[in-house]
Each structure stands twice: as C-alpha cells, then as structure tokens.
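The values are calculated or read from the model by the stated rules, or taken from the named source; none is laboratory data. Since this is a predicted model, take the numbers as computed values, not measurements. Reconstructed Cβ throughout: ideal geometry from the backbone, glycine too, with neighbour counts over all protein chains shown.
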Amino acid sequence: MATPAGSAIVPIFPLPDVTFFPRTLLPLHVFEARYRAMVMDALSRDRRLCVVKLKPGYEASYAGRPAVHAVCGMGEIVSWERLANGRYNILLRGDARVRIDRELPTDTLYRLVSVTRLEDVGPAGDVMPALARIRAAARALLDALGRPGDLLDGALAEGQPCGALADRVAAAVLPDAALRQELLETLQVDARVARVADAMELVVRELKGGRS
C-alpha cells in the first residue's frame, strides 16, 4: 500500500514498560501467538515493527485492543531465532521515533497502524554543560555500582548527535518507564539532554543515599 513520504504502515508490539529509542538495540522474547504471527509476517516483508507502551489500565482489555501511547519507536528486526516451541528471540534496531496517526482495520491477529516519522528539533543553545553532567553522572553511577568504568562508553561516545547520546543513556540506565516515555516524546534535543542529566544525577543521589 502506498504511503506519503515520512509515513509507513507497520504492526505494533504493545508492551507495558518497554521504551524503544532510536539508535538502540532491543532484545525481545516473543511468546504470544498473535505476536509470533506478527514476527513471522514481518520477516517475510520488510522486518519493520513498532514497540509501543501500553497506557495504564491496559490489563482489563489486554487480549483485545488496549490503549497505547501515540509516540513509539519503530525499528527493524536485525537478528532472530525461531525456537522449537514456535517462540522467537529477536533483536530490534531502533530507527526512528514515530507518531501513530490511526489504527487500520485488519484480519490479522495483531494490530496495524499508520505512523509518521518524527524528527529531532536541534538544540537552541549550548548543550555541552548538560552532556558533561551526563558523563559525570555515568562515571559516578558505575563507580557506585562497582561496574567497569568503560561499560557505558558506547552510549557516551564522542562524535554522535547529542540527541542520540541522550536516547542511548536513557535506554541503558534510567529505570522509570514513565520518564522514558516522556523522553521518547521530547523532540527538542536540548530539553531531552537536560532531562536525562537531571534524571541521571537523581539516580546517583538515590543510590548513594540508600547506601549511606
């Protein structure tokens, strides 16, 4: 089916507390019949799907079409393993933030949506101080946890767009699912970087406070 530039028709994989950021890798174990069918169909086409966060209260209608957040992550299945029991282990590579414009009627077990790609809005000011705060908090966090100091080097690498750095750190470190969804919806890069810096510093303070 033809779609306007910047839009796509993709299946969605709704999950309660998973946030799928661009430029990150997300491993998933797929066991429900409808999502095994989704993976099988995606592998026969372009291997694309969206991971979308379920809204609170989804439990009552989980088997149907519970409400989901409009902004989600779209990516490609870059590796997969079909297990003897029909389940899948897949690895997704995040390609873009997207907004769900509408859900489409379908006779598949899973849901199909029309989405529009969302682009970052470049920083209006100097983000270097906030990036320095993120890096300092990451070092402090790893030290407090007794983890190798180079564990987050990939996420913190120089030369990548600052929005990508914020996304990768949020995906790797921040435990609050609601905050991760908020960051996914934040297109202004300077606001996203500052929010990640604040959250990282809070995680470090709480960790150190709990061990004092």
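Would you say residue 100 is surrounded by 12 or more Cβ atoms within 10 Å (Cβ to Cβ), more than 20 Å from residue 8 (Cβ to Cβ) and out of contact with any Pro (no Cβ under 6 Å at 6 or more places or on another chain)?
In short, no.
Within the stretch 184-197, how many residues are touching a residue at least 24 places away in the same chain (Cβ under 8 Å) and either in contact with a Lys or Arg (Cβ under 7 Å, 6 or more places away or on another chain) or under 13 Å from residue 136 (Cα atoms) (or both)?
Qualifying residue count, the stretch 184-197: 3.
Of the residues 147, 180, 192, 133, which is more than 21 Å from residue 22 (Cβ to Cβ) and either acidic (Asp, Glu) or not in a loop (DSSP other than H, G, I, E, B) (or both)?
Every option except 133 fails the conditions.
In the stretch 74-97, which residue that is surrounded by fewer than 18 Cβ atoms within 10 Å (Cβ to Cβ), in contact (Cβ under 8 Å) with a residue 24 or more places away in the chain and basic (Lys, Arg) is farthest from residue 63 (Cα to Cα)?
Among those residues, the one meeting the criterion is 93.
Given the conditions (1) on the phi > 0 side of the Ramachandran plot; (2) assigned by TED's automatic domain parsing to the domain that holds residue 163, which single one is not true for residue 132?
Every listed condition holds for residue 132 apart from (1).
Of these, 109, 151, 156, 145, which one is surrounded by fewer than 20 Cβ atoms within 10 Å (Cβ to Cβ), at pLDDT below 95 and closer than 20 Å to residue 13 by Cα?
Answer to the selection: 109.
Starting from the stretch 54-69, take each residue that is without any contact (Cβ under 8 Å) to a residue 24 or more places away in the chain and not assigned by TED's automatic domain parsing to the domain that holds residue 184 and list its partners that are surrounded by 12 or more Cβ atoms within 10 Å (Cβ to Cβ) and among the small types (Gly, Ala, Ser), counting only C-beta distances under 9 angstrom and pairs at least six apart or across chains.
55/67; 56/67; 57/67; 61/67
For residue 181, work out the one condition from (1) under 20 Å from residue 118 (Cβ atoms); (2) free of Cβ contacts under 8 Å to residues at least 12 places away in the same chain it doesn't fulfil.
(2) is the only condition that residue 181 fails.
With respect to residue 166, is the statement that it is of a type outside the set (Asp, Glu) and either under 20 Å from residue 18 (Cβ atoms) or without any contact (Cβ under 8 Å) to a residue 24 or more places away in the chain (or both) true?
yes
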